[in-house]
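Some notes on the structure that comes next.
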Amino acid sequence: MSSQHIARILLALARALGRLPWSWLNRLGDGVAALWLRIDARESRVTHRNLELAFPHMEASARQALQRAVLRTTARQALETMKLWSRSPAQNLDELLLERHGEALYDAALASGRGVIVAAPHFGNWELLNQWLASRGQIAIVYRPPESEVGDAFLQQVRGVDNVRQVRAEGPAVRQLWKVLKDGGAVGILPDQQPKAGDGEFAPFFGVPALTMTLLSRLAERTGATVLVAWCERIDGGPRFALHVEPAPAAIAAADPLEAVAALNIAVEAVARRDPAQYQWTYKRYTLRPDRHAPNPYERR
C-alpha cells in the first residue's frame with residue numbers, strides 16, 4: 001500500500017474524529033492530558049523539563065499547575081486541528097476567529113509588493129493561522145517534513161488548501177523562498193524550531209541558550225521584505241480565537257546573525273509569555289548546547 005493511500009486513510013479517520021462535537025473533543029483532550037501525566041509520557045516529561053529550564057524560580061506547585069495546563073491545551077489543540085481539517089477554512093474562520101487584530105497591517109504589507117515574512121510561533125492554534133493567511137492570498141509555508149513518508153503525505157493533504165504552497169525546510173528552500181519574496185509574495189515560517197547544527201546561532205530563549213534558525217533573518221536582510229509576527233490565541237477557553245498580527249523587531253533583519261536571532265527569540269518569547277499554557281512546551285527546544293560536550297538536558301537523570 002502506497003504512502004499516499006495510507007495518508008488518505010489517516011485523513012478520513014482524522015475527519016471522522018473531527019466531526020465530534022467540540023465539547024466531546026475537549027473532554028477527550030483533557031483525558032489524553034491526564035493520561036500523559038499519569039504514565040509520565042514523553043509529552044509530560046519534555047514539558048516538565050522545559051518549564052524547569054524556562055522558569056527556574058517558579059515555585060514547584062505553580063510549575064506543576066502550569067505543566068497540567070500545557071498538557072491540556074496541547075491535547076485540545078491537536079484535536080481542534082482535526083476538526084479544522086474536517087471543515088472548510090471559510091467556516092473555521094467565520095465561526096472560530098472572533099477577534100482580528102492587525103489584519104489591515106498584513107494586507108498593507110502584502111500590497112506593498114516588497115514581500116512579507118510571517119513569523120508564526122507555536123502558540124495557540126497555528127493551523128487556524130495558516131488558514132487565515134491563505135484567505136488573504138497565496139503564501140509559501142515552510143515546514144519540516146516528518147521522517148515518515150506517510151506523515152509527510154498526510155501533511156500535504158490536510159494542509160493543501162487553496163493558496164498554500166508547502167516548502168520543505170531543506171537546501172532548495174532558500175532559493176524558492178527568495179523568489180517568492182522578490183516577486184512580492186508571502187512566506188510563513190515557524191521560527192522556534194531547532195535547526196540542524198550549523199544552520200543557526202545560539203541566542204537566549206527564556207534565559208537559556210537555544211540554537212535558533214538564521215533562515216528567517218537572512219531572508220529578511222537580503223530581500224528587504226516586511227517581517228510580521230502573527231498568532232491565533234485561544235480565548236474564553238476555546239475553541240474561540242483572536243488573531244494578532246504585529247510588526248517584528250527591526251533587528252530581526254540585522255546583518256549580524258547573532259543580533260538577528262536574539263531579536264527573533266525576543267519576539268517569540270513575548271508571544272509565549274502572553275499565556276505560557278498555550279505555548280508548545282512539548283517540543284525539545286534545547287537539545288543542542290553551545291558546549292557540544294554538555295549533556296542533553298532531556299536525558300533521564
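The values are calculated or read from the model by the stated rules, or taken from the named source; none is laboratory data. Keep in mind that this is a model prediction, so the values were computed, not measured. Here the Cβ positions follow ideal geometry from the backbone for every residue, glycine too, while neighbour counts run over all protein chains shown.
Restricting attention to the range 1-46, the residues that are in a loop (DSSP other than H, G, I, E, B) and free of Cβ contacts under 8 Å to residues at least 12 places away in the same chain total 5.
Glu52: more than 26 Å from Cys232 (Cβ to Cβ) and modelled with pLDDT of 95 or more, yes or no?
On the way: more than 26 Å from Cys232 (Cβ to Cβ): yes; modelled with pLDDT of 95 or more: yes.
For Glu52, the condition - more than 26 Å from Cys232 (Cβ to Cβ) and modelled with pLDDT of 95 or more - is met.
Being closer than 17 Å to Lys284 by Cβ and aromatic (Phe, Trp, Tyr), is that true of even one residue in the range 198-205? For the range 198-205, residues closer than 17 Å to Lys284 by Cβ and aromatic (Phe, Trp, Tyr): present.
Sub-9 Å Cβ pairs linking a first residue in the range 270-298 that is free of Cβ contacts under 8 Å to residues at least 40 places away in the same chain to a second residue that is exposed (fewer than 13 other Cβ atoms within 10 Å of the Cβ) and not in a loop (DSSP other than H, G, I, E, B), at least 6 apart or interchain, number zero.
When each of Glu52, Glu59, Glu99 is tested for being surrounded by fewer than 18 Cβ atoms within 10 Å (Cβ to Cβ) and in contact with a strand residue (DSSP E or B) (Cβ under 6 Å, 6 or more places away or on another chain), the lone residue that passes is Glu99. Determine if the range 216-225 includes at least one residue that is out of contact with any Cys (no Cβ under 7 Å at 6 or more places or on another chain) and in a strand (DSSP E or B). No, the range 216-225 contains no residue that is out of contact with any Cys (no Cβ under 7 Å at 6 or more places or on another chain) and in a strand (DSSP E or B).
Hey, Leu181 hits all of (1) at pLDDT 95 or above; (2) closer than 25 Å to Pro239 by Cβ; (3) of a type outside the set (Ser, Thr, Tyr) but one; which does it fall short on? Every condition holds for Leu181 apart from (2). Within the range 216-251, the set of residues being surrounded by fewer than 19 Cβ atoms within 10 Å (Cβ to Cβ), in contact (Cβ under 8 Å) with a residue 60 or more places away in the chain and among the hydrophobic types (A, V, I, L, M, F, W, C) comprises Ile235, Ala242. Looking only at residues that are crowded, with 16+ Cβ neighbours inside 10 Å and more than 14 Å from Thr81 (Cβ to Cβ) in the range 1-29, which one is modelled with the lowest pLDDT? The qualifying residue modelled with the lowest pLDDT is Ala7.
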